[in-house]
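Worksheet: one structure, shown below.
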Amino acid sequence: MVSLVLNTPDQVAGVPNAASLLTKMNSTLISMVKLEWNNSWQNFIPDICSSAGESISKCENALNILRLLSEEVFDFSKGTILRSEVTQFKAQMNQQFGQVFQLCMNVLSQEMNMQIPDSLFKSCLRTLQAYLSWIPHNYIFNFGLFEGLISKFIQPAQTRVDAIKCITEVSSLTFEELTDADEHRQMKEKLCFYYCTML
């Protein structure tokens, strides 16, 4: 099933209604992953991320799958997945998030031009937005993500809305899980600095 979904974007390019077919296939895949992740699909994220390097259409679909995974497991699964399963998913995602982050940073580091479709950047920003509320904060503040959002994606009209949604997601972080008062203060100061820079 995974290889079918991962190979479909290249096979259906230009086919009418291909986007809706791909969306249904992605949703089906995520439903299966929610049931089987801890048992047999612990390499799901590495497999998805590695397939993204094969073509632009596969990369865009991989980002859409990763976004769906975050949304389904952490946002929309209330009442359908046990809290203990969500905790397991989150622990696994934290271990493997570096690969998702690297994929997103690779996409975001590309120049916006005619060779790379705007839809790839939008998919990437939407995927990031789905993860920003729960990923480790060092990914947000220590790897140039926030600076890149401000400097590269706020100005172009085609990515502005999605970039602002990412920035809004970060600005809503409370940093409650930080027990060190100095670290809490530093995060708040960084957030304030970036917000002022954006304005």
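Since every read-out is calculated from the coordinates, none of them should be taken as a lab result. Because the structure is a prediction, the values reported are computed rather than measured. A quick note on method: Cβ atoms are made from the backbone with ideal geometry, for glycine too, and the neighbour counts reach across all protein chains shown.
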Filtered GluC sites (Glu not before Pro), the range 23-70: DSSP coil and at most 16 other beta carbons within 10 Å: E54
Rg and Dmax [Cα atoms of the range 61-164; Å; Rg one decimal, Dmax integer]: 14.3, 45
In the range 102-199, GluC sites (Glu not before Pro) in a DSSP loop with at most 15 other beta-carbon atoms within 10 Å: E111, E176, E177
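Expressed as cubic angstrom per residue, what is the convex hull volume of the alpha carbon set of the chain? The partial results should precede the final answer.
Values: hull volume 24.7 nm³, N = 199.
In the chain, the Cα hull volume divided by residue count equals 124 Å³.
Per DSSP H run of at least 4 residues, take -39500 (n - 2.57); add these up for the chain, divide by its residues and hand me the 222 nm value, nearest 500 deg cm²/dmol. Kindly include the intermediate steps, with their values, before the conclusion.
Working: 10 runs with 138 residues, N = 199.
Helix-only estimate at 222 nm: -22500 deg cm²/dmol.
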Options Q186, S20, I150, ranked by Cα towards positive dipole end of the chain, top entry (Cβ charges): S20
Net charge over other residues, Cβ less than 10 angstrom from the Cβ of S123 (K, R count +1; D, E count -1): 0
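Round to the nearest 0.05 the FRET efficiency obtained for T28 and K90 when R0 = 25 Å and r is the Cβ-Cβ distance.
Working: r = 23 Å, r/R0 = 0.90.
In this case the efficiency is close to 0.65.
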